[in-house]
Amino acid sequence: MIVPMKKVTLIVLASEKQAALKDLARLGVLDIESSTVLHSDSDELESLRESRNLLHKGLFLLDKAPGNDKKTKEYTPDKARSLAMETCDLADRIHELQEEELRLRAASDRISPWGDFKPQDIPELREAGMNVRLFEIDVKKLRSLSPEIDYILVNKDKHVARIACVAAPEGPLADLHEFKLPEQSLSEIGTRIREVEKERARMQSSLWAMGKHKHAFKQALTELDKRIEFEEANVSMINDGELSHISGFCPEPAVPELKHAAGKHGWALLIEEPGEGDQVPTLVKNPRWIRIIKPVFDFLGTVPGYREYDISLWFLLFFSIFFGMLIGDAGYGMFFLLLTLVVRLVARKAPPEFFILMGVTGFVTVVWGGITGTWFGSEAIARSPLVSWMIIPAIYSFKQGNTSAILMQFCFIIGTVHLSIARLQNFFRRLPSLKAFAELGWLSIIIAMYFIVLFLILQQDFNPVIVILLGGGLLLVILFSEQQGRFIKGALIGLVKLPLNILSVISTFADVVSYVRLFAVGLSALEIAKAFNGMAQNVGFQGFAIAGAVLILFFGHVLNIVLGIMAVVVHGVRLNMLEYSGQLGMEWTGKPYKPFKE
């Protein structure tokens with residue numbers, strides 16, 4: 001559930017501001033209101049942030065450098081900052097050398113067709129009375145060059161001829177492009193390139209050697225983050241004469257602890273309900289058996305808004321079902337269970353939630369695969385006495401007939417139940433407002449969409465109850481969706497918005513149909529497994545051929561497992577985060593509760 005929050009304003013004597021912040025950090029229950037953080041009011045804060053950015057840059061530059069995992073307690077944050085600055089200076093110098101080398105090589109490529117000569121000789125010849133000028137001309141135009149121009153052919157290729165005119169007239173000449181003299185000769189440029197390469201290699205070696213300080217950078221970042229957090233709280237504490245105050249949010253269960261600390265330290269507290277405009281942080285707290293879904297939310301990076309729903313319970317329930325149906329193979333489920341057990345034995349200190357979740361989803365996969373008779377896509381295994389007792393004949397994967405229609409209808413039932421739960425949640429939350437009855441209208445529409453799907457997709461007989469459910473649902477939506485105190489006015493507004501609601505009805509139809517992906521993905525996984533099994537069977541399991549058959553089976557089933565995991569991420573998560581959450585009206589705009597603490 002989402003823990004209720006209280007908005008707290010804490011008032012202390014300005015002279016006790018620093019001590020109060022330290023006590024507040026030790027308490028660790030107040031999430032400081034972000035709107036009160038005045039970052040520009042503190043030079044110290046800006047300096048700390050610059051140091052943190054510098055350390056992050058240093059770590060980024062040393063990402064691939066060999067590191068040192070040994071603790072380096074002797075390095076203070078200031079020392080680490082100095083080392084990070086040295087790292088950045090080395091990287092900047094390497095970048096400068098790279099750019100210089102590029103310029104030199106470009107100059108070398110431009111000069112090399114002319115050969116190695118001293119550029120300063122050309123001006124000296126001009127001073128001696130020989131007006132030597134260097135030109136480039138299109139090879140095709142060389143023969144048509146005016147006979148009055150006396151030249152020496154220096155070099156030519158398929159497209160360009162390079163000539164030296166001994167007594168060329170001043171000014172531009174038709175078809176001739178004067179070659180701009182370089183500052184250095186070709187040999188001088190080559191020498192400088194080699195010098196740059198040596199210096200760059202030396203700088204790169206020095207930069208790589210800084211990798212031994214990576215752990216010091218990480219330690220310093222941890223310390224800086226603490227100092228930055230404290231300084232942010234410091235500048236957030238607004239001075240008003242002899243008093244200072246700060247605002248934030250505290251979980252309701254922690255309010256007594258905060259009150260006790262206030263009485264002990266002589267603080268004044270104003271505790272009130274958060275206002276509509278407050279950006280209240282979200283703290284989700286659930287029983288241990290529900291918390292196993294938290295790794296999925298952490299992976300997605302999603303946090304419900306404070307005034308939204310905690311869908312952890314329903315997400316866990318339906319995600320487990322979706323996982324089992326999308327993977328669809330009991331053999332793969334057994335593999336997941338075994339892999340989870342092995343990894344857990346190796347990583348004993350890791351948080352248990354992820355492993356429990358994998359155990360649950362693996363078990364559901366085994367159950368679903370067992371009742372459909374799917375074990376590594378093999379009918380022979382499914383018919384063995386060891387596992388055949390689990391099969392439900394109506395949905396047996398290798399049964400000929402209408403199995404697909406039954407499974408598709410089962411998927412639509414799951415979707416209808418899933419979406420209906422969302423509307424019932426909205427109904428109970430909105431009571432006693434009249435708007436709650438609009439949710440019953442949407443519930444009726446969802447059920448009507450289920451019967452319409454059966455009629456259109458599964459070709460079942462048209463059920464007259466569709467008209468009652470759809471008409472009654474729309475009537476409830478029109479009458480109650482816009483109620484704000486005056487019934488007739490609200491009903492008229494609902495009638496005006498009917499076209500928009502018709503679009504939402506179509507969207508609801510698409511939501512129900514969307515659950516057929518559970519059947520489609522599971523069926524494709526089965527067909528892939530059967531295809532690779534058939535390929536291995538064709539190769540044979542005798543003699544040297546067994547190696548090829550085993551390789552085909554290994555590659556095929558590993559590929560199928562990977563595709564199944566991708567399907568869970570794409571489809572299993574989508575049905576919860578889009579279709580279900582969309583019916584709830586969730587926007588996932590929350591920010592996590594992060595208390596100011598040591």
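Nothing in this text is a laboratory measurement; each read-out follows from the coordinates by a stated rule. Just so we're clear, the structure is a prediction, and the values are computed from it rather than from any experiment. No Cβ is skipped: glycine too gets one built from the backbone with ideal geometry, and neighbour counts run over all protein chains shown.
With the crude spin-label approximation of a point 7 Å out along Cα→Cβ, what separation in nm comes out for Asp225 versus Lys597?
1.4
Can you order the peptides 117-129, 432-444 by their average number of other Cβ atoms within 10 Å per residue, highest first? Each step should come with its number before you reach the end.
Working: 117-129: 11.8, 432-444: 19.0.
The packing order, highest mean first, is 432-444, 117-129.
Please identify the chymotrypsin sites (Phe, Trp or Tyr not before Pro) of segment 289-386 that satisfy two criteria: DSSP loop assignment and at most 13 other Cβ atoms within 10 Å. Which are they?
In loop regions of segment 289-386 (DSSP not H, G, I, E or B), the sparsely surrounded chymotrypsin sites (Phe, Trp or Tyr not before Pro) are Trp289.
Let me make sure I get this right: for segment 521-598, a, b and c are the square roots of the gyration tensor eigenvalues over alpha carbons, sorted descending. Under 1.5 in a/c it's rounded, otherwise prolate if a/b > b/c, else oblate. Which is it?
Note, shape of segment 521-598 comes out oblate.
Could you size up the charge dipole of the chain around its Cα centre, putting +1 on the beta carbon of Lys and Arg and -1 on that of Asp and Glu, and report it in debye to the nearest 20?
Dipole size: approximately 2240 debye.
Can you give the log10 of the normalised intensity I(q)/I(0) at q = 0.27, 0.30 Å⁻¹, computed with Debye over equal Cα scatterers of segment 483-540?
-0.98, -1.04
Taking the Kirkwood radius as the inverse of the mean 1/r across Cα pairs, report the Rg/Rh of the chain.
Here the Rg-to-Rh quotient is 1.15.
Binning at 5 Å from 0, report for segment 403-515 what percent of all alpha-carbon pair distances ends up in each bin.
Spelled out per bin, shortest first, that is 2, 13, 21, 22, 18, 11, 7, 4, 2, 0, 0.
Using only the alpha-carbon atoms, how far is helix 77-111 inclined from the longest principal axis of the chain? Give it as 0 to 90 degrees, nearest 10.
With rounding to tens, the tilt is 50 degrees.
I need the shape label for segment 156-225. Rule: rounded when a/c is under 1.5, else prolate if a/b > b/c, else oblate, with a, b, c from the alpha carbon gyration tensor.
The shape class here is prolate.
Ser206 to Thr76: FRET efficiency via 1/(1 + (r/R0)^6), r the Cβ-Cβ distance, R0 22 Å, to the nearest 0.05? All intermediate terms of the calculation are to be shown ahead of the outcome.
On the way: r = 22 Å, r/R0 = 1.02.
Between Ser206 and Thr76 the formula returns 0.50.
Can you list, largest first and rounded to whole Å, the semi-axes you get for segment 179-280 by taking the square root of 5 times each eigenvalue of its Cα gyration tensor?
62, 19, 13
Starting from the Kirkwood Rh over alpha-carbon pairs, what translational D in µm² s⁻¹ does segment 120-181 have by Stokes-Einstein at 20 °C and 1.002 mPa s? The partial results should precede the final answer.
On the way: Rh = 12.0 Å.
In µm²/s, the coefficient rounds to 178.
Could you tell me the ratio Rg/Rh of segment 468-598? Both radii from Cα atoms, Rh via Kirkwood.
1.30
What aspartates and glutamates sit close enough to Lys226 to cross-link, taking a C-alpha to C-alpha distance under 12 Å and skipping anything fewer than 8 places away on the same chain?
Cross-link targets: Glu598.
Looking at this model, which pairs from Lys259/Lys591; Lys22/Lys259; Lys17/Lys597 are more than 21 angstrom apart at the alpha-carbon? Don't skip to the end; give the middle numbers.
Working: Lys259/Lys591 25 Å; Lys22/Lys259 16 Å; Lys17/Lys597 16 Å.
Exceeds cut-off: Lys259/Lys591.
Which of the lysines could a cross-linker bridge to Lys212, judged by Cα under 19 Å and excluding same-chain residues fewer than eight apart?
Lys57, Lys64, Lys70, Lys71, Lys73, Lys79
What angle do you read, to the nearest 10 degrees and between 0 and 90, between the alpha-carbon axis of helix 255-265 and the longest principal axis of the chain?
60
Using the beta-carbon distance between Phe398 and Leu458 and R0 = 22 Å, what value does 1/(1 + (r/R0)^6) give for FRET efficiency, to the nearest 0.05?
0.55
Kindly identify segment 297-414 as rounded, prolate or oblate by the Cα gyration tensor criterion: order the square roots of the eigenvalues as a ≥ b ≥ c, call it rounded if a/c is under 1.5, otherwise compare a/b with b/c, prolate if a/b is larger, else oblate. Intermediate values should be presented prior to the final figure.
On the way: a/c = 3.59, a/b = 1.41, b/c = 2.55.
Oblate.
Pull up the cross-link candidates among the aspartates and glutamates for Lys285, meaning alpha carbon to alpha carbon under 13 Å and not fewer than 8 places away within one chain.
Output for Lys285: Glu252, Asp310.
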